[in-house]
Amino acid sequence: MQTLAIDGGEPVRQGRPWPAWPEWSDTTIKSVVDVVRSGRWTVSWPSTGRDALEREFAEQFAQYNGASYGVAVDHGSGALVVALEMLGIGAGDEVIVPVMTWVASASAVLRVAALPVLVDVDPSTGCLDPEAVRDAMSPDTRAIIAVHLASTVADLDALRAIADEHGVPLIEDCAQAHGARWRQQMVGTVGEVGAFSFQQSKVLAAGEGGAVITSDPVLYHRAQQLRADSRGYSFTSTGEVAAGAPEIVAKGDVIGTNFCMAELQAAILIDLLPNLDAQHERREVRARELREGLATLGSFCEIPVARQCDRRSIYEYGIRFTSGEFGDAPVDAVSRALSAELQRPVRASDIPLHRSPLFRPETARRLAGLWTQGARHRALGRAYPGAEGYRDSTLLIHHSALLGTSEDIHDVIDAVRKVQMHSKRLALRADEHVEMS
Ligand SMILES: *Cc1c(COP(=O)(O)O)cnc(C)c1O
């Protein structure tokens, strides 16, 4: 038997590099250079006689998603803050957040001084469990944030229904789901607001960046001001702007922050957006090979997708396994072993947020008053068996691994097979690890 790479053996993956991410071309470079030369690097600098690129991108992105309006922002985290403030959410309010997500989904709620109420997820998808949402609703609940995690879509039928029954808005955190569809409709448009990130790891990337989409004109006008220190567009989008005129001017309806996307980011996104759908298709081809290959090794499957979801967006491909597939080896030990074999990260999910050390008075002075005993209990005092189950049985591979060749997929399958054969040894190693720490 070949020695495991973590024990000094030869890794399965040798020599060949993995596909680079993001994918870019000469036109990407040209669009950035054009911005540099234009002298206008942000929407808040006087116009050069045409709409800002951040505005152009926001319109294109809204159109891609079938929404009436889009506003570009500087991060996905900022997009979530803007989404919450568009809806007037603030102090004293509760917002339902899945316990299994990137921390920004919950910290955005804290940034508007509301309380994130962490709710359990379906153990097979990692997305909000509608029954648990129902149980967690209270008279103070002012919104539900659904996160479409890894490579699937939350149960939007059930979540929309719960939101409507309670008369609260639904926010979709689509940072991991650009281009996914639910009943032929793009994610981000089932809720009142969809929030997106264009951070480098996401399937549409500009280094950093974000956007909100909505089809409500009132929310759109609030969003403009929330992301530009209370300024909104001074004229309707025509493409014929007087050179030297300001494109955004003070409106004074709502206090905003500077969350503006730079023109350099917008230029990259305008260049890359047209590639997104073809990349979805390329990943699906590799995902099928991976699913079929892993099925020959045992009870492996991918993260399920509801039948209402007619296109998924693979941000991270999730390998789900039943306990026993790697003997007694815990998921973190399997993840370390696989990462060493493949010379790239194959990770376990982030820990569920109720185990995060962040939700305490000591972590932010401005929030210290929020964390009464009662609030802490409301926020994270539930049971989270779904989240623990998901974490113990899911391994995540970044989507860029699915943008290469079939040989890449064979390497992943070979690595899983090799680590499986060594699972006794891995479980032992994990025990030593615990004893030493
Ligand atoms: C990445 C991510 C965010 C935050 O986006 P940033 O651009 O990094 O601020 C929010 N929610 C989820 C689910 C994410 O994956």
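Annotations for the structure displayed:
- The largest-to-smallest principal axis extents of the Cα set in the chain are 72, 56, 41 Å.
- Between the C-alpha center of the stretch 27-66 and that of the stretch 383-417 there is a gap of 36 Å.
- Between residue 383 and residue 160, the FRET efficiency estimated from the beta carbon spacing at R0 = 35 angstrom works out to 0.85.
- Counting every other Cβ atom within 10 Å of each residue's Cβ, 125, 322 order from fewest to most as 322, 125.
- For the chain, the relative contact order is 22 percent, taking Cα pairs closer than 8 Å that sit 6 or more residues apart in sequence and dividing their mean separation by the residue count.
- Histogrammed with a bin width of 5 Å, the alpha carbon distances of the stretch 351-398 distribute as 5, 18, 22, 20, 13, 11, 9, 4 percent, first bin at zero.
- Cα shape, the stretch 7-135, gyration tensor, a/c 1.5 rule: oblate
- Sequence-distant residues sharing a close amide H with residue 127 (under 5 Å, placed H): 122
- The overall shape of the stretch 249-399 is oblate: from the C-alpha gyration tensor, with semi-axes ordered a ≥ b ≥ c, the ratio a/c is 1.5 or greater and a/b is no larger than b/c.
- For the chain, calculated [θ]222 nm from helices alone, where every DSSP H run of n ≥ 4 adds -39500 (n - 2.57): -11500 deg cm²/dmol
- Here the residues 412, 36, ranked from fewest to most Cβ neighbours within 10 Å of their Cβ, fall in the order 36, 412.
- Between the stretch 88-122 and the stretch 143-185, the Cα center-to-center distance that results, in Å: 15 Å
- Within-14-Å neighbourhood charge of residue 156 [Cβ basis; K, R +1; D, E -1]: -3
- Here the Karplus relation 6.51 cos²θ - 1.76 cosθ + 1.60, evaluated at θ = phi - 60°, turns the backbone of the stretch 211-223 into coupling constants of 7, 10, 10, 7, 10, 9, x, 5, 4, 4, 5, 5, 4 Hz, with x for every Gly and Pro.
- Taking all C-alpha pairs of the stretch 185-287, those more than 16 Å from each other amount to 69 percent.
- Sorted by Cβ neighbour density within 10 Å, fewest at the top, the residues 315, 390: 315, 390
- For the chain, a Gaussian network of Cα nodes joined below 10 Å ranks 107, 393, 237 by mean-square fluctuation, and the top entry is 237.
- Prolate/oblate/rounded call for the stretch 98-218, Cα gyration tensor, a/c under 1.5 rounded: rounded
- Vicinal HN-Hα couplings computed from phi for the stretch 337-354 (Karplus, 6.51 cos²θ - 1.76 cosθ + 1.60; Hz; Gly/Pro x): 5, 5, 4, 5, 5, 9, 6, 7, x, 10, 10, 7, 4, 4, 5, x, 5, 5
The numbers here are math on the coordinates, done by the rules we state, and not lab data. Keep in mind the model is a prediction, meaning the values are calculated, not measured. Note: ideal-geometry Cβ built from the backbone for every residue, glycine included; neighbour counts use all protein chains shown.
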